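The values are calculated or read from the model by the stated rules, or taken from the named source; none is laboratory data. The structure presented is a predicted model; accordingly, all values stated were derived computationally and were not measured. Methodologically, a virtual Cβ is constructed for each residue, glycine included, from the backbone with ideal geometry; neighbour enumeration extends over all protein chains shown.
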């Protein structure tokens with residue numbers, strides 16, 4: 001069984017263009033995401049999936065220069081990009097991560113992978129944002145489920161192509177879906193993904209405090225609990241609706 005982690009990222013973010021290569025402590029943000037994922041005990045392969053546009057060249061140079069593989073695909077049809085990347089790298093179990101989560105925690109990722117492998121699920125997600133902090137997001141699905149969605153959504157609205165797993169969790173009758181829920185400690189209204197300059201300011205301040213690229217998610221949450229002024233830097237930011 002090949003566990004393939006596909007990290008989607010591109011340079012053309014609407015609210016913060018080029019965010020994935022913005023430096024934190026002199027290192028591009030995308031490398032925090034990739035290198036933290038590299039600590040996973042269960043992931044066999046990590047691939048960055050980006051678009052085939054020229055604008056991605058700086059991102060590709062950074063990622064490939066750090067030793068990670070890059071897959072090029074459709075800019076808007078992210079579902080197709082995932083399908084083709086999973087074909088190219090023979091993924092049996094697919095992990096979906098977005099490149100704007102610089103505090104992704106391999107311990108949390110492995111917990112979700114274990115949950116998927118223990119049961120007969122088609123799709124398992126960390127219960128973000130209801131029972132887990134946004135920015136630790138993990139989604140896992142089988143190659144079979146991905147191929148099923150790819151076929152079922154061919155003639156549907158483009159939103160199902162832009163959002164890889166949207167069809168799965170909107171049609172629970174067609175898939176065996178599991179949720180990994182956080183207890184009180186992780187069930188808080190913090191925001192650790194990066195979509196705006198306020199988000200980037202917050203994650204930068206946290207890394208500047210710890211000066212440790214592998215600081216655990218638990219330590220990050222404890223720090224925010226103890227420093228409410230830092231935690232509220234981006235509390236007015238609203239997640240974009242699907």
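Annotations for the structure displayed:
- Of all the listed residues (63, 144, 149), the sole one being in contact with a strand residue (DSSP E or B) (Cβ under 6 Å, 6 or more places away or on another chain) and either farther than 25 Å from residue 196 by Cβ or free of Cβ contacts under 8 Å to residues at least 60 places away in the same chain (or both) is 63.
- Residue 237 being in a loop (DSSP other than H, G, I, E, B), touching a helix residue (DSSP H, G or I) at 6+ places or on another chain (Cβ under 9 Å) and touching a residue at least 24 places away in the same chain (Cβ under 8 Å): yes
- Of the residues contained in segment 201-219, none is found to be assigned to a loop (DSSP other than H, G, I, E, B), at pLDDT below 95, exposed (fewer than 13 other Cβ atoms within 10 Å of the Cβ) and over 17 Å from the mean Cα position of the chain (by Cα).
- Cross-chain or 6+ apart pairs with Cβ under 6 Å, segment 1-21 first and over 16 Å from residue 80 (Cα atoms), then at pLDDT below 90 and part of a loop (DSSP other than H, G, I, E, B): 19/13
- Considering residues of segment 49-58 that are buried (at least 19 other Cβ atoms within 10 Å of the Cβ) and not in a helix (DSSP H, G or I) only, the residue nearest to the chain's Cα centre (by Cα): 49
- Odd one out for residue 185 among (1) surrounded by fewer than 22 Cβ atoms within 10 Å (Cβ to Cβ); (2) under 28 Å from residue 16 (Cα atoms): (2)
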